[in-house]
Every structure is written in C-alpha cells, then in structure tokens.
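K.L.:
I'd like to ask you about the structure that follows.
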Amino acid sequence: MSDPQRIPLNDLRRQLAEERDDIRAAIDRVLDSGWYVLGPECHAFESELAQFNGVSHAIGVASGTDALELSISSVTKPGATILTAANCGGYTTTAARAAGRGVAYADVDAETHLLTPATIEAHLGEVDAVVLTHLYGRAALVEEIADLCSTAGIALIEDCAQAIGAISPGGNRVGSVGDVAAFSFYPTKNLGALGDGGAVLTSSDEVNARVRRLRQYGWGSKYAVETAGGINSRLDELQAAILRERLHSIDIKNCRRREIVASYMRAAATSGFKSPFVDDISHVAHLAIFEVDDRDRVRRLFASEGIATDIHYPVPDHLQVAWRGQHPPSLPVTESLAKRIMTLPTFPEIREDEVQRICDVLHATSNQHS
Ligand SMILES: *Cc1c(COP(=O)(O)O)cnc(C)c1O
C-alpha cells in the first residue's frame, strides 16, 4: 500500500469514492441491456458530448490515439505530411505513422509551450494538415491558426486530449474550431473512463460520415467496405455510460484543477519558477507544469518531502530513437523546454492540506543553480 503521507501525481481511487453509486448504476444499466459495443449509451454519449462542445457530431472510438489517427485519415490522403509540435508526448506522430502519413515539426512558443501562428507560418506551404495540441489543458490560438490553415488550403486537426472544456481565445470550446478534433478518455484525463476511450468531433457531415465508416473497417453498411483505410476502433457501452455520468461534472472539476494550479502559482511567485499556466477559462489545468533550471535537484527536494513529480515529456518526438531520421530538425525551444520542465500533482480530489504542502515547498525552493 502507498504511504499515506506521500502525495501521488494522481489518485484515481479518490474520484471513484465520491461517485461510486452513480457509476454502479450506469454499469448496471449496461449489464441489463445486453448490448456492449456501439449501442444506446454510446449514441447518447456522442450526442451529449457534441452538444457540450458546440459541434454537430461526435464519434466514439477506442482511444485518443485512434481518434487522432481517424481524424488524420478523414481529412488527408495517404502519403500526406502532417505538421505538429514535438513536445506533446508522441501521440500525433504515432497516429500519423499508423495512418501512413509523414510528420514534420514546428517549434513551440517559449512562453506558452504551444504552436502559434508565428512558429508554424513558414511551414504551411510544405504540409497538408496541422495537428494543434492544446497542451497541458491550455487552449491554443486556434482561431488565428484556423485562418492561416484555411488560407493555405490545408486542414486543421485539434488534439483536445488534455483540454476538454477549455475556452479558446475566440470564445469557443476547444474542438469546435478546426475541421476535426480528437479527444481521449484515458483514465487520468480531465474526463476519464475506467479504461480506454476516445472521440472524434466535427461539424462537417462529410467528415462525420467518413470517420463513422473508418472506425468500423470502412463499412458503409454491414459487411460492405466503402472506404479504404478503415480500422476497428469502437467505444464500448460500459465506458460510454461511465463517461455520460462524468460529463455532468466536467466544468466543476476543471475549475477545481485551475484553483489548485493557481495556488501553486501564488506560492511560486517569489521563487523564480516560470509556468505556461494562465488562471482563466482558456486553461483546464490538466497538468501543472513548471520550468526549473536545476531540475534534478528540485525534483529530489520534492521527493524528500514525499511529493511525486514527473516530466511531460522528457524526449521530444524528433529525438525518439524509433523515429529519429538522419537529419532531425533543430527545434531549440522544444529541446530546451524538455530539459527544464517538471510536473506537480494536480487532480480535483487532492486535499487542501496536500496542496498546502506542495505550496510550502514551492515557496521555500529557490529556482537557482546551486
Ligand atoms: C493522452 C493523449 C493522447 C492519446 O490518448 P490515448 O487515449 O492514451 O490514446 C493524445 N494526445 C494527447 C495530447 C494526450 O495527452
């Protein structure tokens, strides 16, 4: 068993403890229905999720990575090149490669850690689509980037795996501005299932129809393959029923996450740590990221106080051994951030005394080389 004094990066048992009766009822509903894949719960969740995000269609799939792959397949052709950031954990690269598309990388902005119009503009003539990740829960400048993509005649795909509920600078829910958007319901995400799950969102009837075919073998109707490039990626009824239950409280949970990171920011104000966090509705605080000069020392300090830390993400995509080409591009901001970032525990059920302990260490720790 874990040390009761230790503060973990996440503790999914605490969330379940609060909602066990509702989740049990949702599971029982599915058990009694005798329908376990792509049934009434999935359909209901799809329409509730589409409504929550202000789009016409949501399509339930088996994971966030599948959602990215299907999004990419639905708006580009095989052999296309996808422009993305290299600091987002490799999911887009995995998905693009699985779909038989190439990947190119643009550097990120040093303040926000996100792609911006300035970092992508020079590349737009050489690519067929952009995957824009709302990293750590912060909505990127998606309206401006959508305008650039549309001028360049290329597609925009939003990766909303970390940012469900965030409001973009133009006042839209993330996932409603690009041509198509991918969501993940991996258990640790802001909206998490009790297993894997994902969704593709779009307001285009054509993209909707294509993704619905592609998620199930390319079938137009049963056993009739009408679209090449299909896979099997379906959201099961148990996960859909659980997600419906949890979707009710997503805005409240996101607020609580934001409060937690805002407390860290206040505590760190005099210690010299930088963070890409902003305390407003554009950020749903999926991860609490701080930039530290002397990361190993600072992480050891937190560890000695029983506080877990992590790095999201330590190896940029273009430097991963399995993907590294002969001439990996130079992405100086991405590479420098990968050496400096550190993640602190953030989850809605973290206790106030735990937040205080983390704040105390942030306040007492100077971000200086020793
Ligand atoms: C988690 C995540 C994904 C992938 O989701 P899975 O459900 O784990 O496949 C994609 N993009 C980002 C930014 C993520 O954080």
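K.L.:
Run the numbers for residue 353 and residue 20: contour at 0.36 nm per residue of separation, minus the present Cα-Cα distance, in nm. Working shown, then result.
P.N.:
Details: separation 333, 0.36 × 333 = 119.88 nm, distance 2.40 nm.
The residue 353-residue 20 span can extend by a further 117.5 nm.
K.L.:
While we're here: For residue 77, give me every one of the aspartates and glutamates with a C-alpha distance below 16 angstrom, ignoring sequence neighbours fewer than eight places off in its own chain.
P.N.:
69, 126, 128, 179, 206, 226
K.L.:
Report, to the nearest whole %, how much of the accessible area of the chain belongs to carbon and sulfur atoms, 1.4 Å probe, protein only. Before the final figure, lay out the partial values.
P.N.:
Details: 7890 of 15660 Å².
Summing carbon and sulfur atoms, their accessible area is 50 percent of the total for the chain.
K.L.:
Could you rank 105, 91 by how accessible they are, 1.4 Å probe, largest area first?
P.N.:
Greatest to least solvent exposure: 91, 105.
K.L.:
So, one more: Suppose every K and R has +1 on its Cβ and every D and E has -1 on its Cβ; what is the size of the dipole of the stretch 134-248 about the Cα centre, in Debye to the nearest 20?
P.N.:
Dipole about the Cα centre, nearest 20: 380 debye.
K.L.:
Here's something else I'd like to know. Please give the calculated 222 nm ellipticity per residue for the chain, where each DSSP H segment of at least 4 residues contributes -39500 (n - 2.57) and the sum is spread over every residue; nearest 500 deg cm²/dmol?
P.N.:
Helix-only estimate at 222 nm: -12000 deg cm²/dmol.
K.L.:
At 1.4 Å probe radius, can you tell me the per residue accessible area of the chain in Å²?
P.N.:
Value returned for the chain: 42 Å² of accessible area per residue.
K.L.:
Just to confirm my numbers, what's the Cα centroid distance between the stretch 14-91 and the stretch 103-132 in Å?
P.N.:
Cα centroid of the stretch 14-91 versus Cα centroid of the stretch 103-132: 26 Å apart.
K.L.:
Right, here's the next one. Note down the relative contact order for the chain as a percent, whole number, built from C-alpha pairs under 8 angstrom at least six residues apart. Numbers along the way, then the final one.
P.N.:
Numbers: 773 pairs, mean separation 80.3, N = 370.
RCO, the chain: 22 percent.
K.L.:
Continuing with this model, one more query. What residue among 43, 64, 31 has its Cα farthest toward the positive end of the dipole of the stretch 1-68, where the charges are +1 on Lys, Arg and -1 on Asp, Glu, each on the Cβ?
P.N.:
Result: 64, furthest along the dipole toward the positive end.
K.L.:
A follow-up question, please. Please list 3J(HN,Hα) in residue order for the stretch 200-215, calculated via the Karplus relation 6.51 cos²θ - 1.76 cosθ + 1.60 where θ = phi - 60°; whole Hz, with x for glycine and proline.
P.N.:
10, 10, 6, 9, 8, 4, 5, 5, 4, 5, 5, 5, 4, 6, 5, 6
K.L.:
Additional query: Have a look at the chain and give its Rg and Dmax from the Cα atoms, expressed in angstrom.
P.N.:
Answer for the chain, Rg first and Dmax second: 20.6, 66 Å.
K.L.:
If the cut-off is 18 Å between C-alpha atoms, which aspartates and glutamates fall inside it for residue 274, apart from same-chain ones fewer than 8 positions away?
P.N.:
Of all the aspartates and glutamates, those that pass the test against residue 274 - Cα under 18 Å, at least 8 places apart if same chain - are 109, 111, 259, 291, 293, 294, 296, 310, 335, 360.
K.L.:
I've got another one for you. Taking amide H positions as placed 1.01 Å from N in the peptide plane, with prolines and chain starts having none, which residues 5 or more places from residue 7, or on another chain, fall under 5 Å of its amide H?
P.N.:
Sorted by chain and number, the residues that satisfy this are 307, 308.
K.L.:
So what is the diffusion coefficient of the stretch 1-124 in µm² per second by Stokes-Einstein at 4 °C and 1.567 mPa s, using a Kirkwood Rh over Cα pairs?
P.N.:
In µm²/s, the coefficient rounds to 70.
K.L.:
Roughly how many debye, to the nearest 20, is the charge dipole of the chain about its Cα centre, given +1 on each Lys and Arg Cβ, -1 on each Asp and Glu Cβ, and no other charges?
P.N.:
640 debye
K.L.:
Looking at the stretch 270-370, which trypsin sites (Lys or Arg not before Pro) are in a loop (DSSP not H, G, I, E or B) and have at most 12 other Cβ atoms within 10 Å? Each step should come with its number before you reach the end.
P.N.:
Values: sites: 274, 295, 297, 299, 300, 324, 339, 340, 351, 357; in loops: 324, 351.
Passing both the DSSP loop test and the Cβ count: 324, 351.
K.L.:
While we're looking at this one, here's another question. Applying 1/(1 + (r/R0)^6) with R0 = 25 Å to the Cβ-Cβ distance of residue 322 and residue 221, what FRET efficiency is obtained, to the nearest 0.05?
P.N.:
Efficiency, from the Cβ-Cβ distance: 0.05.
K.L.:
Sticking with this one: Which value in nm describes the separation of the simple spin-label points at residue 360 and residue 262, placed 7 Å from the Cα toward the beta carbon?
P.N.:
About 2.4 nm separates the two model spin labels.
The values are calculated or read from the model by the stated rules, or taken from the named source; none is laboratory data. Fair warning: this is a prediction, and the values are worked out from it, not measured in the lab. So basically every Cβ, Gly included, is an ideal-geometry build from the backbone, and we count neighbours across all protein chains shown. Areas reflect the complete protein model, heavy atoms only, side chains present, ligands, DNA and RNA absent. Shrake-Rupley method; radii C 1.70, N 1.55, O 1.52, S 1.80 Å.
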